[in-house]
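*Asks:* One structure, as structure tokens, below. Some questions next.
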Amino acid sequence: MSVKEKAFGTGVPEHVARRRVVIASFMGALLEWYDFFIFGTAAGLVFNSLFFPAENAMVGTIAAFAAFGVGFVSRPLGGLIFGHFGDLIGRKVTLIWTLSIVGVSTFLIGLLPTWQQVGIWAPIMLMVIRLIQGVGLGGEYGGAALMTFESVPEKRRGFFCSIPQTASCAGIMLATGVFALCNYLLTAEQFMAWGWRIPFLLSAVMLLVGMYIRVNIEETADFKQVKKVKRHDRQKILETPMAQREPSASKPKESIPLVLLLRQHLKGVMLAFGARLVEAVSSNIINAFGIAYLASQLAMDRSIPLNSMLLASAIGLIVCPLSGWISDQVGLRRVYLFGAAFCALFAFPFFMLLNTGDPLLIALAMIIGYNLGPTAMFAVQPTMYANMFSTQVRYTGLSVAYQFSAIPGGMTPLIAALLLAAGDGAPWYVASYFVAVSLLSLLCVWMIKNKGEEAVADASSLPGNRAMTG
């Protein structure tokens, strides 16, 4: 069923139905990325002293980034749980649950007592809520991406699917903007005492708006079609007398999405996992670790990295949909290959520019690095990945590939902090790690285009799937 047929069938004009889906996906993704970035920013600026006090500032920063990484450990669990139910009962109801978990968890972080107030219980509570938040985040991405992918014209999926991805830029812009505003309006004492809580408490507003929009959208046309086929097959079996049924009809068919995924799409999962590493690592190095490196290691005013990322993310609001539009013209993987290659080439120059201490060059490094690297790749990710999996396992496939690769991605600030310590404060070990990951992902994307065609072909042969193009 096409978007147009779906629109006519529900009495809703085609463009209205499409707009609702895209807005709902954008709002859910905005909350996800806002939560993600405010935690990463807070980990680099205040959590090290509020929740992990230590005589050595480096130790406190490492502990804070460990808490940041904990949420990524639970994200694969959320991807498996909600991917399973998203493929079985639907995208819409699953996304309502994930949005609720993410929003409430973020709000609760803003209410937590600090180490000075309750001692060791402060970091424990932070870790527990971060783990729960990670479960919700793990199920959010796959469904939000599919709501758009399965509801827009095939030839324009690169562009339309990049719009919810733009929420990443909007999320970092909103998160850094709120932190920058609090930093500007409040004294250092006020900011450390209670001002840091404001960005977390504001997530309640986006939660309410996102829930309202998400409750009022339709299930995707592709999933409705799969459910219709399953109901038809089940009814046909029930109406056939036992004596006339085929032997295979009486045997229960494998219906666990994860099992089907691993049997039919294992190669695609592995390639998607490897391809995504560079996007996750580059984003966290440029944003979370970059801010901490400038504020702590180079002892620069925190307004410099915050304002630089604010400008970079504002430009990303244009670069992200532009990258999606370009992918519809030249192909998804060509855009992704460009982003991965750029990261490999820009790793060392990025830190060289930061080390100059010049605010203009620092802003230039973050703007170029963020937009030509992770933003370009992130724009085409959902379309590229969704094309690799059939409809009946697509939610699980996206969630597994994306969230398991999120573990090393989320651990990047911690890994980078350890490499920085090993290098006596010099960032060249971090840059080398950046290059190594970029080359690995470049190889995986290249295999999807060439030797990885077998995985794509396997997916395209199944019902409800469209072969990857570009």
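The values are calculated or read from the model by the stated rules, or taken from the named source; none is laboratory data. The structure displayed is predicted, hence computed values, not measured ones. Here Cβ is always computed from backbone atoms with ideal geometry, including for glycine, and neighbour counts include all displayed protein chains. In case anyone asks, the SASA skips ligands and DNA or RNA and just uses the protein heavy atoms, side chains included. Shrake-Rupley method; radii C 1.70, N 1.55, O 1.52, S 1.80 Å.
*Asks:* Quick one: in segment 42-76, which of the residues that are outside any helix (DSSP H, G or I) and surrounded by fewer than 24 Cβ atoms within 10 Å (Cβ to Cβ) is modelled with the highest pLDDT? Please lay out each step first, then the result.
*Replies:* So in segment 42-76, the residues outside any helix (DSSP H, G or I) come out as 51-56.
Subset that is surrounded by fewer than 24 Cβ atoms within 10 Å (Cβ to Cβ): 52-56.
Numbers: Phe52: 80, Pro53: 74, Ala54: 64, Glu55: 63, Asn56: 65.
The qualifying residue modelled with the highest pLDDT is Phe52.
Every residue, every condition in (1) at pLDDT 85 or above; (2) under 22 Å from the mean Cα position of the chain (by Cα); (3) surrounded by fewer than 24 Cβ atoms within 10 Å (Cβ to Cβ), yes or no:
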{"residue": "Tyr402", "(1), (2), (3)": "no, yes, no"}
{"residue": "Gly410", "(1), (2), (3)": "no, yes, no"}
{"residue": "Ile415", "(1), (2), (3)": "yes, yes, yes"}
{"residue": "Asp424", "(1), (2), (3)": "yes, no, yes"}
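*Asks:* Which numbered condition in (1) surrounded by 23 or more Cβ atoms within 10 Å (Cβ to Cβ); (2) under 15 Å from the mean Cα position of the chain (by Cα) is the only one that Phe26 fails?
*Replies:* (1)
*Asks:* Go through (1) at pLDDT 85 or above; (2) among the basic types (Lys, Arg); (3) more than 21 Å from the chain's Cα centre (by Cα) for Arg245 and report which single condition fails.
*Replies:* Condition (1) is where Arg245 drops out.
*Asks:* Show the residue pairs meeting these rules: Cβ distance below 7 Å; 6+ apart or different chains; first residue within segment 105-133 and within 17 Å of Phe68 (Cβ to Cβ); second residue at pLDDT 90 or above and of a type in the set (Gly, Ala, Ser).
*Replies:* Cβ pairs passing all conditions: Ile129/Ser105; Ile132/Ser105; Gln133/Ser105.
*Asks:* Here's another thing I want to ask about it. Those residues that are assigned to a helix (DSSP H, G or I) and open to solvent by less than 10 Å² (accessible area, probe 1.4 Å), I need them from segment 106-122; list them, please.
*Replies:* Thr106, Ile109, Ala122, listed by residue number.
*Asks:* Now for a separate question. Could you list, in sequence order, all residues of segment 77-100 that are out of contact with any Asp or Glu (no Cβ under 6 Å at 6 or more places or on another chain) and open to solvent by less than 10 Å² (accessible area, probe 1.4 Å)?
*Replies:* Hits for segment 77-100 are Gly78, Gly79, Gly83, Gly86, Asp87, Arg91, Thr94, Leu95, Leu99.
*Asks:* Looking at (1) among the small types (Gly, Ala, Ser); (2) without any contact (Cβ under 8 Å) to a residue 12 or more places away in the chain; (3) buried (at least 23 other Cβ atoms within 10 Å of the Cβ), which is the only condition Ala188 fails?
*Replies:* (3)
*Asks:* Quick one: which of Ala280, Ala295, Ala314, Ala340 is of a type in the set (Gly, Ala, Ser), assigned to a helix (DSSP H, G or I), under 30 Å from Lys155 (Cβ atoms) and open to solvent by 10 Å² or more (accessible area, probe 1.4 Å)? Steps first, answer last, please.
*Replies:* On the way: Ala280 fails: open to solvent by 10 Å² or more (accessible area, probe 1.4 Å); Ala295 fails: under 30 Å from Lys155 (Cβ atoms); Ala340 fails: open to solvent by 10 Å² or more (accessible area, probe 1.4 Å).
Just a single option satisfies the conditions, and that option is Ala314.
*Asks:* Here is a follow-up. Could you list, ordered by first residue, the pairs with Cβ atoms under 7 Å in which the first is in segment 282-297 and modelled with pLDDT of 90 or more and the second is polar (S, T, N, Q) and assigned to a helix (DSSP H, G or I), at least 6 apart or interchain?
*Replies:* The qualifying pairs are Ile285/Thr412.
*Asks:* Another question, then. Considering only segment 298-316, state which residues are in contact (Cβ under 8 Å) with a residue 40 or more places away in the chain and either within 16 Å of the chain's Cα centre (by Cα) or on the phi > 0 side of the Ramachandran plot (or both).
*Replies:* Ser313, Gly316, listed by residue number.
*Asks:* Of the residues Asn387, Asn355, Asn371, which single one is at pLDDT 90 or above, farther than 23 Å from Gly134 by Cα, polar (S, T, N, Q) and open to solvent by less than 30 Å² (accessible area, probe 1.4 Å)?
*Replies:* Within the list Asn387, Asn355, Asn371, the selection yields Asn371.
*Asks:* Here's another thing I want to ask about it. Could you check how many residues of segment 371-397 are part of a helix (DSSP H, G or I) and either over 22 Å from Thr98 (Cα atoms) or not hydroxyl-bearing (Ser, Thr, Tyr) (or both)?
*Replies:* Within segment 371-397, residues that are part of a helix (DSSP H, G or I) and either over 22 Å from Thr98 (Cα atoms) or not hydroxyl-bearing (Ser, Thr, Tyr) (or both) number 18.
*Asks:* Could you grab me the full set of residues in segment 134-153 that are among the β-branched types (Val, Ile, Thr) and modelled with pLDDT under 80?
*Replies:* Of everything in segment 134-153, nothing turns out to be among the β-branched types (Val, Ile, Thr) and modelled with pLDDT under 80.
Results for (1) of a type in the set (A, V, I, L, M, F, W, C); (2) open to solvent by 40 Å² or more (accessible area, probe 1.4 Å); (3) in contact (Cβ under 8 Å) with a residue 12 or more places away in the chain; (4) out of contact with any helix residue (DSSP H, G or I) (no Cβ under 6 Å at 6 or more places or on another chain), shown as yes or no for each residue.
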{"position": "Gln165", "(1), (2), (3), (4)": "no, no, yes, no"}
{"position": "Met173", "(1), (2), (3), (4)": "yes, yes, yes, no"}
{"position": "Gly195", "(1), (2), (3), (4)": "no, no, yes, no"}
{"position": "Phe200", "(1), (2), (3), (4)": "yes, no, yes, no"}
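*Asks:* Could you tell me which residue of segment 156-181 is farthest from Leu45 (Cα to Cα), considering only residues that are touching a Pro at 6+ places or on another chain (Cβ under 7 Å) and among the hydrophobic types (A, V, I, L, M, F, W, C)?
*Replies:* Phe159
*Asks:* A further question follows. Among the residues of segment 172-202, which ones are among the aromatic types (Phe, Trp, Tyr) and out of contact with any Asp or Glu (no Cβ under 9 Å at 6 or more places or on another chain)? Walk me through it before giving the result.
*Replies:* First, the residues of segment 172-202 that are among the aromatic types (Phe, Trp, Tyr): 179, 184, 191, 194, 196, 200.
Result: Phe179, Tyr184, Phe191, Trp194, Trp196.
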